[in-house]
Every structure is written in structure tokens, then in C-alpha cells.
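The values are calculated or read from the model by the stated rules, or taken from the named source; none is laboratory data. As the structure is a prediction and not an experimental result, all values here were calculated from the model. Please note: Cβ atoms are built from the backbone with ideal geometry, for glycine as well, and neighbour counts cover all protein chains shown. The protein model used for the area step is the full one, side chains on, heavy atoms only, and it has no ligands, DNA or RNA in it. Shrake-Rupley method; radii C 1.70, N 1.55, O 1.52, S 1.80 Å.
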Amino acid sequence: MKKLFRNGLSVLALSVAIASCSSSDDSNNEGGNGIGDNGKIGGLITKGQTLTLEKNKEYKLDSKLVVEDGGLLVIQEGAKIIGTGGTSAYIAVSQGAKINVQGTSTNPVVMTSAEKTRGSWGGLVILGKAPINLESKTAQSEVADLTYGGDIADDNSGSIKYLRIEYAGANFSSEKEFNGLSMFGVGSGTVIEYVQAHEGSDDGFEWFGGTVSAKYLVSTNNEDDQFDWTQGWSGQNNENWYAKRTEGNRGIEADNNGDNNLATPYSNPKIKNITLLGTVEGKEAQALKLREGTKGQLENVYVDSWSVGADIQHDQTITNVNNGELLVNGIEFGPNVEVKYKGTKSDKTSVDVSKAIVEKANNGAGNKDKAPEWTKGWTVGLE
């Protein structure tokens, strides 16, 4: 698809043009107002440019939409983006760019697919300048092939509130897949609140390093993990995560670095108020899989219907347990958890990890095994 904007237009002209466009615009735009035929979006939002997707309008995405350094994507409440085209259709917010999602509890922004099947389109990818623990300070993302990482811990990629991402997760291969929301080196200046990832073909949410925190997350029936972190993610103010799945893998998969479990900065988030609901079927039906050197402090966790409540693996992770740097402080195991917790060294031998587990009755994300009040009005699939 053509680029969204003519280079000769001023920022003011762009703002006026974008505000006037709608999904019913059938004219053949050359890019002046950012919307193509029949509300189709795609291409580049470049430095100094803003694309606004209007309230309660519908847009079509069958190619990539990339917000470049200095660009801004604004999505007003009730806007609906319908993605088709597998791996070719995704939204990426590059380093130095910003996204502003303005959904509400009664009128969320929705990114979905007409096919209503997992992996119908890519997903939302955000890339920041916060630290990662790979060999180099920066890297290229496994999807979208954009740079992420750096040394700006409080980097700001914008604000996302009341967003639902559905049927995402298109995959190039078994090792290279989109998630619902992928966060690569995203900084703590970014706001992520009230986001649902629903029926994706890979993870619901995944953090690749960075320092961003997220609150009020819902992950439902994603085919791999509901939440996943790696590469030194260290968000410190996470709270209220709710996951429910009838098929798929783990509730949370937590890694530091698979190639070097001692890599710094360590994955070391703080998260409070978590509910993870699953089914005992499947070889990877663990509520918490904590491995590859991750640290972390989890507080008030309710889990039910898993073959294993907490599965802690690898020598460096066990060291973190013994040092008090990996702790689940207050976990309630529901009646359908077959094994509460277990530990395994890198050589596959068993080890006691009871020091990591403090059992305590709690409400998890707010309502034990029932949907919390804060999910009402903007989510799907929780009945």
C-alpha cells in the first residue's frame, strides 16, 4: 500500500485532513488524510505526523501500519480495526514513536479479524529504548524487524487504555510468531491499562526486556502462554492480571535469558493480584512456569485447574529462590490443582523450592475464580 502521507503536507494540514476522514470515505486517496479506500489503513506514520482513527469508526488493516520515530497514532474510543492477511497485517510503534489508545470501559477500542480464528493477523507491537539483557544494548525484534532496547529506563511509548486485541498471533514459523501485545524494550513512562488479549495463536502478552508496568490485563484462551516475559523485563508496578483458558499452555511463563541465565539486567518484576485459571489437560498445564534465571516478587495469586501450580526450573532460578529474590508471597491453590509446586535443577533432578511459596487465601485479581468487577463492559469470553 502507498505511504499514508504526502511529504509536502504540513503537520497542520495533516491534522485537519485526518480529523475529517472516516471509514466511509470511498475516494482514492494518495495519502493526504491517512485513510485509503473504504477506510483501509497501512503504511508509515513518519516524524511530525499524526494519524487519528475516529470514534466508533471501522477501519481495515491488510498490511503493516508502522509509526516511525516522532510519529503519533491516536485511536479514539469505539474505533474498530479489522485485520486480515496473516503476518503481513500488524501495527508497530517504533522507538521514539507514540500510540494513544483512548478506549473506555463501555466503549473500548477493538483490534480484531473478520475470520474470528486465531492467527488471522499479526497484532500490536511496541518497541522502546529501555534496557534488555541481550549481548548488545539493542536488537531487532523477532516480528516487525525493528530496533528495540537501550538505556532509557523511563522511555515513553504513549498510553493504552481499554483495548481488546482478538484473533492475533499470525506466525512465520513455530519459533517466530506475533503475540496479542508484544512489548520490546518498552519503558516505564508508557501507560498500559485495561487491555485484553483474546483467542490469539501464541502468547496473549509478552515482554522482551524493558521496564514498563501493566495494570488490569485480561488474557483469554490464547494458544500458548497467557503472559510471558524474558530478556530482563523488570516492571515494578504491575497489578490485577486475570487469565482464563480452556486450551493452550501456561498461565505465566517467566524467563530471564535462555542463552545466559545470569544475564543482566535480570528479569525481576513485581506483580500483585493475579488470577490464573486453566485446565489440567496438556503437557504444559502449569499456572506458573518460572525458569532460566528469572527473579520476581508475586503477591496475592489465585490459581485453579492446572496440573502444576508453580513449576520452578534451572539452577540460577533455584539460587534466586534461596536468596529470596524469587518469591510468590501469598498464593491460594484451588481445589483442581493436581500438584501445588515442584522444583527441578538444570540437570533435571528434583529440588525443594518451598522457600519460594507462601500459601495464603486471597482473591487474586479481585474475585478468586470469577471475573473481577473491573473486567465488566469491555471484555469478552469471561462467562
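Which condition breaks for ASN256 when tested against (1) under 12 Å from the mean Cα position of the chain (by Cα); (2) surrounded by 24 or more Cβ atoms within 10 Å (Cβ to Cβ); (3) of a type outside the set (Gly, Ala, Ser)?
Checking ASN256 against (1) under 12 Å from the mean Cα position of the chain (by Cα); (2) surrounded by 24 or more Cβ atoms within 10 Å (Cβ to Cβ); (3) of a type outside the set (Gly, Ala, Ser), the one that fails is (1).
Does region 286-312 hold any residues that are in a strand (DSSP E or B), buried (at least 24 other Cβ atoms within 10 Å of the Cβ) and of a type in the set (S, T, N, Q), and which are they?
Residue satisfying the conditions is GLN286 alone.
Quick check on LYS340: is it of a type in the set (D, E, K, R) and over 25 Å from THR106 (Cα atoms)?
Here the answer is yes, as LYS340 does meet what is asked.
I'd like to verify a number: residues in region 251-285 that are assigned to a strand (DSSP E or B) and either of a type outside the set (Ser, Thr, Tyr) or outside the structural domain of ASP311 (by the TED database) (or both), how many?
10
I'm trying to understand the selection: among the residues of region 101-139, which are surrounded by fewer than 21 Cβ atoms within 10 Å (Cβ to Cβ) and within 20 Å of THR211 (Cβ to Cβ)?
LEU134, GLU135, SER136, LYS137, THR138, ALA139, listed by residue number.
Here's the yes/no breakdown for (1) open to solvent by less than 10 Å² (accessible area, probe 1.4 Å); (2) within 19 Å of LEU181 (Cα to Cα):
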{"residue": "LYS47", "(1), (2)": "no, no"}
{"residue": "GLU54", "(1), (2)": "no, no"}
{"residue": "LEU61", "(1), (2)": "yes, yes"}
{"residue": "LYS64", "(1), (2)": "no, yes"}
{"residue": "GLU68", "(1), (2)": "no, yes"}
{"residue": "VAL74", "(1), (2)": "no, yes"}
{"residue": "GLU77", "(1), (2)": "no, yes"}
{"residue": "GLY83", "(1), (2)": "yes, yes"}
{"residue": "ILE91", "(1), (2)": "yes, yes"}
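Can you find even one residue in region 307-326 that is touching a Ser or Thr at 6+ places or on another chain (Cβ under 7 Å), small (Gly, Ala, Ser) and closer than 23 Å to ASP203 by Cβ?
no
Given region 150-224, what strands (runs of 3 or more DSSP E) lie entirely inside it while holding 1 or more residues that are buried (at least 23 other Cβ atoms within 10 Å of the Cβ)?
158-166, 181-184, 191-198, 205-208, 215-220
For region 337-381, give me each residue that is acidic (Asp, Glu) and farther than 19 Å from TRP306 by Cβ.
ASP347, ASP352, GLU373, listed by residue number.
Check whether at least one residue in region 328-339 is in a strand (DSSP E or B), in contact with a helix residue (DSSP H, G or I) (Cβ under 8 Å, 6 or more places away or on another chain) and under 26 Å from SER267 (Cβ atoms), and report yes or no.
Yes, that holds for at least one residue.
Just to be sure I understand the filter: pairs with C-beta atoms under 8 Å, separated by 6 or more residues or on different chains, first member in region 337-357 and more than 19 Å from GLN297 (Cβ to Cβ) and without any contact (Cβ under 8 Å) to a residue 24 or more places away in the chain, second member open to solvent by 60 Å² or more (accessible area, probe 1.4 Å) and of a type outside the set (Gly, Ala, Ser). Which pairs pass?
SER350/LYS342
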